[in-house]
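A.B. asks: Would you mind keeping the following structure in view while I ask a few things?
The values are calculated or read from the model by the stated rules, or taken from the named source; none is laboratory data. Computed from a predicted model, the values in this text were never measured in an experiment. Here the Cβ positions follow ideal geometry from the backbone for every residue, glycine too, while neighbour counts run over all protein chains shown. Just the protein is used for accessible areas: all its heavy atoms, side chains included, with ligands, DNA and RNA removed. Shrake-Rupley method; radii C 1.70, N 1.55, O 1.52, S 1.80 Å.
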Amino acid sequence: GEPLDVAAEMMHVALQIVGKAMFSAEIGDQADELATATLTVLDHIVGRARTFGVVPEWLPTRGNRAHRRAMRVLDRAVYGTIDARRTSPPAPLLSEQERGAQDLLAMLMAATDEPTGERMSDQHLRDESMTMLIAGHETVASALAWTWQLLAEHPEAEARLHAELEEVLGGRAATMADLPRLRYTEWVFQEALRLYPPAWIITRKALADDTVCGYHVPAGALVVCSPYVTHRLAEVWDEPDAFRPERFAPEAAAGRHRFAYYPFGGGPRLCIGNYFAQVEASLIIAAVAQRYRLRPVEGHPVVVEPSVTL
């Protein structure tokens, strides 16, 4: 019955999952510090975008100092993991199954450039790992926080979710093998992503002059797409503002334009974590919903804050 910050709780669990899956690292004790640092960095990026980078990053403003402190926290965690792996490398993997079970960092460290045979430098490994660490947990955590808000507001959908979990799992923990039968659980998350896509704006640069729907798009132009807007178009979605997970049933989705719904972007730049996020979210929803009923705290209205994510 105690009130808790569901968004923060989802950040913690997603951060621990990405640490274990991508770096084989247990980061439970660091979760608070890393989550806070991530949000500080993302807020800094938004601030610079809104002010067009007018304030130099070397200036010792409060925001710049906070950003540097946050980056030191994240760098210490990432470089520390890389250093530990360099110092104590894992035993060679002999079988294809063992190679398939490697974490992301092991695969990056083993990768070679085909023409030169060179491997990634520590700086390169740090950059790739930092992207995965930040993007791999904050976005799914945001979507899960909205999922719990929507379920609390729609008791019929919540009851249908619980019925599916009871029928399929009967109280035990969900596994990957259960996911094909947890269809409504998957639809719940997909509908939350439709209404509140974490990546609420996505940009693309035009490689050449083009014409789109009668509008001239010059080469080099930055085109801004908004899943948040597209996902709520009345000409595309029936009752676009309503929370209806069943709209993602195969028969309901048949014939829908493939870019009517793009919470992970699309084309060759489709989010690399697309499948990982959906699997992770379904398993988290199943685990939490079997044990808890989350309700909004009265007197605390939830409002949308469009930052780097929603």
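A.B. asks: Quick one: count up the residues across the stretch 204-223 that are under 18 Å from residue 267 (Cα atoms) and either loosely packed, with under 10 Cβ neighbours inside 10 Å or acidic (Asp, Glu) (or both).
C.D. replies: The number of residues fulfilling the criteria is 6.
A.B. asks: Among the listed residues 177, 143, identify the single one that is at pLDDT 95 or above, crowded, with 19+ Cβ neighbours inside 10 Å and aliphatic (A, V, I, L, M).
C.D. replies: Testing whether each residue is at pLDDT 95 or above, crowded, with 19+ Cβ neighbours inside 10 Å and aliphatic (A, V, I, L, M) leaves just 143.
A.B. asks: Another one. I'm checking my understanding of the structure. Among residues of the stretch 30-59 that are over 26 Å from the mean Cα position of the chain (by Cα) and hydrophobic (A, V, I, L, M, F, W, C), which one is most open to solvent (accessible area, probe 1.4 Å)?
C.D. replies: 58
A.B. asks: Select from the stretch 270-295 the residues that are over 15 Å from the mean Cα position of the chain (by Cα) and open to solvent by 70 Å² or more (accessible area, probe 1.4 Å) and write down the one among them that is nearest to residue 40 (Cα to Cα).
C.D. replies: Of all residues in the stretch 270-295, those over 15 Å from the mean Cα position of the chain (by Cα) come to 286-295.
If we keep only those that are open to solvent by 70 Å² or more (accessible area, probe 1.4 Å) as well, we get 291-293, 295.
Working: 291: 32, 292: 30, 293: 30, 295: 28 Å.
Applying the filter and picking the extreme gives 295.
A.B. asks: Can you find a residue in the stretch 254-267 that is out of contact with any His (no Cβ under 9 Å at 6 or more places or on another chain) and open to solvent by less than 30 Å² (accessible area, probe 1.4 Å)?
C.D. replies: At the first step, the residues of the stretch 254-267 found to be out of contact with any His (no Cβ under 9 Å at 6 or more places or on another chain) are 254-259, 264-267.
Still in the list and also open to solvent by less than 30 Å² (accessible area, probe 1.4 Å): 265-266.
Yes, there is a match, as at least one residue in the stretch 254-267 is out of contact with any His (no Cβ under 9 Å at 6 or more places or on another chain) and open to solvent by less than 30 Å² (accessible area, probe 1.4 Å).
A.B. asks: Between a residue in the stretch 210-230 that is under 30 Å from residue 242 (Cβ atoms) and any residue that is open to solvent by 60 Å² or more (accessible area, probe 1.4 Å) and assigned to a strand (DSSP E or B), which pairs come within a Cβ distance under 6 Å, given they are 6 or more apart or on different chains?
C.D. replies: 223/204; 224/203
A.B. asks: Run down 206, 192 and say which single residue is without any contact (Cβ under 8 Å) to a residue 24 or more places away in the chain and out of contact with any Cys (no Cβ under 8 Å at 6 or more places or on another chain).
C.D. replies: 206
A.B. asks: Right, something else. How many residues does the stretch 70-82 hold that are surrounded by 13 or more Cβ atoms within 10 Å (Cβ to Cβ) and among the basic types (Lys, Arg)?
C.D. replies: The total comes to 1.
A.B. asks: Right, something else. Only residues that are over 14 Å from residue 145 (Cβ atoms) and either small (Gly, Ala, Ser) or open to solvent by less than 70 Å² (accessible area, probe 1.4 Å) (or both): list them for the stretch 1-29, please.
C.D. replies: 1, 17, 18, 19, 21, 22, 23, 24, 25, 27, 28
A.B. asks: Output the residues belonging to the stretch 1-55 that are closer than 23 Å to residue 300 by Cα, among the β-branched types (Val, Ile, Thr) and in contact with a Gly (Cβ under 9 Å, 6 or more places away or on another chain).
C.D. replies: none
A.B. asks: Here are some conditions: (1) open to solvent by less than 40 Å² (accessible area, probe 1.4 Å); (2) under 18 Å from residue 188 (Cβ atoms); (3) more than 18 Å from the chain's Cα centre (by Cα). Residue 246 meets all but one. Which one does it not meet?
C.D. replies: For residue 246, the failing item is (1).
A.B. asks: For residue 111, work out the one condition from (1) open to solvent by 50 Å² or more (accessible area, probe 1.4 Å); (2) free of Cβ contacts under 8 Å to residues at least 12 places away in the same chain; (3) of a type outside the set (Val, Ile, Thr) it doesn't fulfil.
C.D. replies: Condition not satisfied by residue 111: (1).
A.B. asks: Oh, and also: For the stretch 226-265, what are the residues that are in a loop (DSSP other than H, G, I, E, B), under 22 Å from residue 307 (Cα atoms) and out of contact with any Pro (no Cβ under 7 Å at 6 or more places or on another chain)?
C.D. replies: 226, 241, 261, 264, 265
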